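Structure record follows, encoded as structure tokens.
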Amino acid sequence: MTHFQAFAVEQYLSETEHGVHYNFSESGVHPMSYAELFELANVDRDTLFATLVDYPQVNGDQLLRERIAALYQMAHADNVLVTVGATEANTLVAATLLEPGDNVIRFSPTYEQLAGNAHNLGYEVRSVDMHSTQDWAIDAPGLAAAVDDRTRIIHIVNPNNPTGQVLSAADRELIVAAAQGVGAWIVADEVYSGTERNTDEPTESFWGGYERVIAINSMSKAYGLPGLRLGWLLAPESLIPDLWRRHEYASITATMMSMQLASAALESSARDAITARARGLIRRGFETLQEELSYHKGVFSVVPPQASAMSFVKFDLPVSSDTFAARLLKEEDVLVIPGSRFGVEEHFRFSSALPEEHLRAGLQRMNELTGRILASA
């Protein structure tokens, strides 16, 4: 019997995030209020409030699926299954694709949702490193050694969580070639597409670049709407029924209200306004983070994220990542995620796409603790 593997990152958040004042642990931009969403998406309140609190179309409202499909090349509504967040999408993929004897490739560090599901279902998960000294590039020899004829899924989070890096063209080609060589599926978690720091062009999807691709996304990260709990997967139309049947067991459907609001947010002009908001928070927030990290010279460093609200910060202090995070929480009411939760020491994940005053106040508290640790070393 497979030993159950807890979801290290989410367990940590579940146990620590509620009630903390300076929460820098989240992976998306600062959430919108309903009032802000209604204004940016031009939501007609009367029409929305007249909607019955009923079961919606189980695979996703037709207009919503059409708007999701429009985000991708060569996609249509029948390629889309609407899910309860990207969480359910990853769970459905593991339950649908994997068969006895299969293995899954994951890249480290990464968000463990699909890999953890695969492990807990009894499948082998193989890890391939990404190197911080090479801007988190993939270990090409490691990938070649890990893939074999029982590899069913190569899972990638792009842009990456926790590093915020976007795969280079060379690394994309490596992944596609590895998958093609053994007939594996590429499952691409693309929830941070649209959160780029240096361009307004969203990160290119894996969809359309290879026939065996499942692309996953949600309203949580680039849109600042995690509370809608609405995501989707894009897959070949022939695979959708198998995923849909498992969706009916897992959740039956996302909510009517979530689908209505997501559809409004994904209308082209509303989507432009919402993603512009996200990029503004991300770009200003990272500048503030860099400024505050320089307060103690030589202690903190970070490979600048190309996308996302997150930075995976490296530190040089005589404490572990768990100890540093625990002291931040206890002594300064500041929450970050220790790198140990991603299997990487001397790092922590920090989200900076937040209102400026709040962000700077929390970073100053982190610098105060850092000063105490240095003084006692």
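FRET efficiency for the GLU173 to TYR295 pair, using the beta carbon distance and R₀ = 41 Å, is estimated at 0.50. Candidate cross-link partners of LYS221 among the aspartates and glutamates, defined by an alpha-carbon separation under 13 Å and a same-chain spacing of 8 or more, comprise GLU26, ASP189, GLU190, GLU196. On full extension, the segment bounded by VAL182 and ALA140 gains 13.5 nm, given 0.36 nm per residue less the C-alpha separation. Taking one quarter of the surface of the C-alpha convex hull of the range 86-243 gives a mean projected area of 9.1 nm².
Which is farthest toward the positive dipole end of the range 284-375 among VAL302, PHE342, PRO318, measuring Cα position about the Cα centre, with Cβ charges +1 (Lys, Arg) and -1 (Asp, Glu)? After comparing all options, I get PHE342.
Surface exposure of the range 62-221, expressed per residue as accessible area with a 1.4 Å probe, stands at 36 Å². In the assembled protein chains, LEU281 presents an accessible area of approximately 20 Å² (probe radius 1.4 Å). Going by Cα centres, the range 159-208 and the range 32-103 are how many Å apart? If you average the Cα positions of each part, the centres end up 21 Å apart. Under 1.5 on a/c is rounded, so check that first for the range 175-288, then, if it is not, pick prolate when a/b is larger than b/c and oblate when it is not; a ≥ b ≥ c are the square roots of the alpha carbon gyration tensor eigenvalues. It is oblate, given that a/c is not under 1.5 and a/b is not larger than b/c. Sketch the reach of a paramagnetic label on ASN198 as a point 7 Å from Cα along Cα-to-Cβ, and name the residues of the range 287-304 whose backbone nitrogen lies under 13 Å away. Answer for the range 287-304: 303-304. Go ahead and run the numbers for FRET between THR288 and ASP46, Cβ-Cβ distance against an R0 of 45 Å, rounding to 0.05. With a Förster radius of 45 Å, E is 0.65.
Here the Karplus curve 6.51 cos²θ - 1.76 cosθ + 1.60, taken at θ = phi - 60°, turns the phi angles of the range 359-368 into couplings of 4, 5, 4, x, 5, 5, 5, 4, 5, 5 Hz, with x standing for Gly and Pro.
Residues in the range 138-152 carry Karplus couplings, in order, of 6, 6, 4, x, x, 5, 4, 6, 7, 7, 9, 6, 9, 6, 9 Hz; the curve used is 6.51 cos²θ - 1.76 cosθ + 1.60 with θ = phi - 60°, and Gly or Pro positions show x.
Does the range 55-150 classify as rounded, prolate or oblate by the C-alpha gyration tensor (a ≥ b ≥ c root eigenvalues; a/c under 1.5 gives rounded; else a/b over b/c gives prolate, otherwise oblate)? Since a/c reaches 1.5 and a/b is larger than b/c, the shape of the range 55-150 is classed as prolate.
Where the accessible area of the chain is counted over protein heavy atoms with a 1.4 Å probe, how much of it, in %, is carbon and sulfur? Here carbon and sulfur together make up 51 percent of the probe-accessible area. A straight chain from ASP78 to SER127 at 0.36 nm per residue would run longer than the Cα-Cα distance by 14.3 nm. Among PHE38, PHE324, PHE24, the largest mean-square fluctuation in a Gaussian network model of the chain, built with springs joining Cα atoms closer than 10 Å, belongs to PHE38. Between SER108 and SER269, the FRET efficiency estimated from the beta carbon spacing at R0 = 56 angstrom works out to 0.90. Spin-label model, ASP148/GLU248: points 7 Å from Cα along the beta carbon direction are separated by 3.8 nm. For VAL128, the shell of other residues with beta-carbons less than 10 Å away shows a net charge of 0, using +1 for Lys and Arg and -1 for Asp and Glu. Compute the Cα gyration tensor for the range 1-131, then decide on rounded, prolate or oblate, letting a ≥ b ≥ c be the square roots of its eigenvalues: rounded whenever a/c is under 1.5, prolate when a/b is larger than b/c in the other cases, and oblate in all that remain. Verdict is oblate for the range 1-131. The modelled label-to-label distance between HIS3 and VAL319, using points 7 Å beyond Cα along the C-beta direction, is 2.9 nm. Full extension of the chain between GLU39 and ALA375 gives 116.0 nm of extra length, using 0.36 nm per residue less the Cα-Cα distance. For the range 17-92, build the charge dipole from Cβ charges (+1 Lys, Arg; -1 Asp, Glu) around the Cα centre, then report which of GLN57, VAL20, PRO31 sits farthest towards its positive end. Result: GLN57, furthest along the dipole toward the positive end.
Along each principal axis, taking the top coordinate minus the bottom one, the Cα set of the chain gives 62, 56, 40 Å in descending order. Counting Lys and Arg as +1 and Asp and Glu as -1, what is the net charge of the other residues whose Cβ lies under 11 Å from the Cβ of ALA140? Summing Lys/Arg as +1 and Asp/Glu as -1 gives -4. Over the range 250-377, with a single point scatterer placed on each C-alpha, what log10 of the ratio I(q)/I(0) does the Debye formula yield at q = 0.11, 0.14 1/Å? So the normalised log intensities work out to -0.49, -0.70.
Charges were assigned to the Cβ only: +1 to each Lys and Arg, -1 to each Asp and Glu. The resulting dipole of the chain about its Cα centre is roughly 340 debye.
Computed from backbone phi with θ = phi - 60° and the Karplus coefficients 6.51, -1.76 and 1.60, the 3J(HN,Hα) list for the range 272-282 is 4, 5, 5, 6, 5, 4, 4, 5, x, 5, 5 Hz; x is used for glycine and proline.
The values are calculated or read from the model by the stated rules, or taken from the named source; none is laboratory data. The structure displayed is predicted, hence computed values, not measured ones. All Cβ positions, even for glycine, are placed from backbone atoms using ideal geometry, and neighbour counts span all protein chains on display. These area figures cover heavy atoms from the full protein model, side chains too; ligands, DNA and RNA do not enter into them. Shrake-Rupley method; radii C 1.70, N 1.55, O 1.52, S 1.80 Å.
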